[in-house]
Amino acid sequence: MEFLNFLLILWIAWLVWRRPENERLAFGLLVLSCAIMALLFLVGTHTSFVPGVNL
Amino acid sequence: MAVSQRRLRDALVALVIILIAVPIGGAVVLALIHGDTPCILCWAQRTSMALIALVGLFIVRYGPRPRYVGTAVLLATWGVFMGFRHSALHLARDVGQGFSASIFGMHTYTWAWFIHWTVLVGIGALLLFLHWKEGEGWPREPGRAGRFAMGLFVVVVGANALQAFATTGPPPFLGQADPVRFSFDPRRWVWSQEELGGRLSLRGSWTIPEPDVGDVDPDPAHGPLADLPSLSASGWERIGVPLAGALSGLAHDPATNRFLAVTDRYEVYVLDGSMARSLHHVAVDPGFSIDLSPFAGTAFVGDTLAVLSTNKSYVLLRPDSTADADLEWRHFRETDGGMRELRLGRFATVRARQMYVLSLAFDPSADEMITVAVPSPRHRRLVVSRFARGDLVLSSEFEPRPAPGLRLTGEDRSLAEYVVTGAVVVDGLLYALSAAYSTLLVIDLRERTLRGAYAVPELERPVGLAARGSQLFAAQADGRVAVLERPGAESPRAEE
């Protein structure tokens, strides 16, 4: 999944660099990529969402 | 301070280039040189940094629109949380026991925490100098440096994508908690979905309910040990002093024939040998410097009174008729003026970590204090922890095993079902009284075995245990005390 997200980020960077007129599409994909990143972190911490220390 | 928007844009480009080249690009270099491979949390943090750099490129290209600045702030804030959550796995380990690559003495997960925090500082600094209105002042073209940043970004993120493919695989595979070292050889690649396993939890192994004796089953017939002999009370006594709160611990000092009683409201009473008269009384202030949870056990340690809370924090007191009332005001909510506080502290355990306690004993022959951990749904163990009197640091821990002759009632039963609420040491034996199943356990401290066990059906959720001569005093929360004849050193179970 991390691989897929990096491909998505590459696509967004390409839009910003070479197709700047697609700003809305690029930003929408950016939000999607952020969501995937956050979701993958939550998958990795789903057995204890908050830090395992005295809070 | 007047800073042109072009100069501000150039500063942003420089920051983006540093972010791309150092942490995101440097991570790939670590893989090539050291075989360093990110775990699933590292990947999320690295991706977050790439996304922050990408938002920087958005700003370079389109200007500092609020939605871009807002996205960068949200990403950095989330990154700080990720860094804290990830670092917390390792922060409390011993010296040199961190995980993954160490750079200038800090491991990569700690760097991720620092970098996201630095991004927030950077955004704040840039906003200080920003005088931007939609379509005004901000350069329309990214410029040479901006285009270089975009090209560098594509190259570095492309390299990260290749590393991600090798170490995490294509969907539906995802990163791992414990990855293996990086290799160009596809036969060495590990692709898995192991991170999808395990149950959802907010606090994981820290989800420990505070112990509640009211919840336990007092019936000895339901206990994990089979065919236990019964022990009857030879009499009942009652603490004759009105107690503030429920009794939670009892001890006896053979040298002075005094009793020591504590309650769940932080009250400490030194009683005479008949338990009818209070010789000293204080109410300890449980807050400030070290938090004391409700008192759970107590013991005489020579002329020192040791009082233990359920959270393994302790207070050491000493009767002293010359105690300075003004000095002791900070320690006590109430005092009769004849007590001073010697020390506050916390017992640190290993096997009994993340477990509460409900008892305290003192072993004079070993000069050690002893606690017995109570099990929780997360940690089902019966752990005896011993602490040296000299420095109050853990000296040993063990889980007693049943001696021959003691039999569990089923394969799924264990000694960890007992909830020890009172303990006392006599002649090298730890007498531990369990409120669950109203059972007296006799633990050989040298052999680390459970030598004997006795059902005490007359008890109703006892909270403390003291010894005087051949008698044991099993205290209950309401102040009633059952007097039992102490079983000898020989195990009746083994003899049968």
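The values are calculated or read from the model by the stated rules, or taken from the named source; none is laboratory data. Please read these numbers as outputs of a predicted model, since none were measured by experiment. A quick note on method: Cβ atoms are made from the backbone with ideal geometry, for glycine too, and the neighbour counts reach across all protein chains shown.
Looking at B:Ser309, B:Ser321, B:Ser289, B:Ser313, which one is surrounded by fewer than 21 Cβ atoms within 10 Å (Cβ to Cβ), modelled with pLDDT of 95 or more and more than 25 Å from B:Asp427 (Cα to Cα)?
Sole residue among the options that is surrounded by fewer than 21 Cβ atoms within 10 Å (Cβ to Cβ), modelled with pLDDT of 95 or more and more than 25 Å from B:Asp427 (Cα to Cα): B:Ser313.
Quick check on this structure: which one of B:Leu12, B:Leu75, B:Leu30, B:Leu19 is over 23 Å from A:Asn5 (Cβ atoms) and not in a loop (DSSP other than H, G, I, E, B)?
After ruling out the rest, the residue left standing is B:Leu12.
For B:Ser234, work out the one condition from (1) in a loop (DSSP other than H, G, I, E, B); (2) more than 35 Å from the chain's Cα centre (by Cα) it doesn't fulfil.
(1)
So, in the range A:33-53, how many residues would count as being in a helix (DSSP H, G or I) and touching a helix residue (DSSP H, G or I) at 6+ places or on another chain (Cβ under 7 Å)?
9
Here's a check for you: in the range B:147-161, which residue that is surrounded by 19 or more Cβ atoms within 10 Å (Cβ to Cβ) and more than 9 Å from chain A (Cβ to nearest Cβ) is farthest from the chain's Cα centre (by Cα)?
So, considering only residues that are surrounded by 19 or more Cβ atoms within 10 Å (Cβ to Cβ) and more than 9 Å from chain A (Cβ to nearest Cβ), the one farthest from the chain's Cα centre (by Cα) is B:Ala149.
Kindly provide the set of residues from the range A:16-28 that are more than 10 Å from chain B (Cβ to nearest Cβ) and surrounded by 14 or more Cβ atoms within 10 Å (Cβ to Cβ), ordered by number.
Correct list: A:Asn22 only.
Looking at the range B:319-345 only, could you name the residues that are in contact (Cβ under 8 Å) with a residue 24 or more places away in the chain and assigned to a loop (DSSP other than H, G, I, E, B)?
B:Arg330, B:His331, B:Asp336, B:Gly338
Considering only the range A:1-41, how many residues are touching a Leu at 6+ places or on another chain (Cβ under 8 Å) and in contact (Cβ under 8 Å) with a residue 12 or more places away in the chain?
Count: 16.
May I ask you to say which residue of B:Ala92, B:Ala177, B:Ala164 is within 9 Å of chain A (Cβ to nearest Cβ), exposed (fewer than 12 other Cβ atoms within 10 Å of the Cβ) and of a type in the set (Gly, Ala, Ser)?
Step by step, each of B:Ala92, B:Ala177, B:Ala164 is checked, and only B:Ala92 is within 9 Å of chain A (Cβ to nearest Cβ), exposed (fewer than 12 other Cβ atoms within 10 Å of the Cβ) and of a type in the set (Gly, Ala, Ser).
Can you tell me which of B:Leu408, B:Leu430, B:Leu445, B:Leu392 is buried (at least 23 other Cβ atoms within 10 Å of the Cβ), in contact (Cβ under 8 Å) with a residue 40 or more places away in the chain and touching a strand residue (DSSP E or B) at 6+ places or on another chain (Cβ under 8 Å)?
Exactly one residue qualifies, and that residue is B:Leu430.
When B:His131 is evaluated against the numbered criteria (1) in a helix (DSSP H, G or I); (2) more than 40 Å from the chain's Cα centre (by Cα); (3) not aromatic (Phe, Trp, Tyr), which criterion, by number, is the only one it fails?
(1)
Could you give me the residue pairs with C-beta distances under 8 Å whose first residue belongs to the range B:197-218 and is away from chain A (no Cβ under 14 Å), whose second residue is loosely packed, with under 13 Cβ neighbours inside 10 Å wherever it lies, and which are 6+ apart or on separate chains?
B:Pro209/B:Pro377
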